[in-house]
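These notes are about the structure you will find just below.
Quick note: the coordinates plus some simple rules give every number you see, no bench work behind them. All values derive from a computational prediction rather than experimental measurement. Here the Cβ positions follow ideal geometry from the backbone for every residue, glycine too, while neighbour counts run over all protein chains shown.
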Amino acid sequence: MNRGIKIGTLDLSGDAVQAIKDGKMEFAIDQQQYAQGYLPVVLLYVNKLDGLVLGGGKPMYTGPGFVTKENADLVQKLADAGTR
């Protein structure tokens, strides 16, 4: 159609990262389930166990994150290593 429509996705996959790298997609949202689900449980446990408040009482941002052409190579590398 060649109308300048920008495409993005609300989830992340290997195909989405490749489409971003190829310039076929503008962005993908990485929900970062590990950080959003596991990290809060760990923080609550540490607080209950030792009374620690990590982050100095300030917000600890856990996502979501945006994958763009600028960081797609890093995200793909981390995903290939099994950490994303």
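The table below gives the values:
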item: The chain: chymotrypsin sites (Phe, Trp or Tyr not before Pro) in DSSP loop, at most 13 other beta carbons within 10 Å; result: Tyr61
item: Rounded tilt (10° steps) of 39-50 against the dominant C-alpha axis of the chain; result: 10
item: Value at 222 nm in deg cm²/dmol, rounded to 500, when DSSP H runs of n ≥ 4 in the chain each add -39,500 (n - 2.57); result: -10000 deg cm²/dmol
item: Residue order, fewest to most surrounding Cβ atoms within 10 angstrom, among Leu39, Leu54; result: Leu54, Leu39
item: Neighbour-count ranking [beta-carbon atoms within 10 angstrom, fewest first] of Ile5, Ile20; result: Ile5, Ile20
item: Hull-based mean projected area of the chain, where the convex hull spans the alpha carbons, in square nanometres; result: 7.1
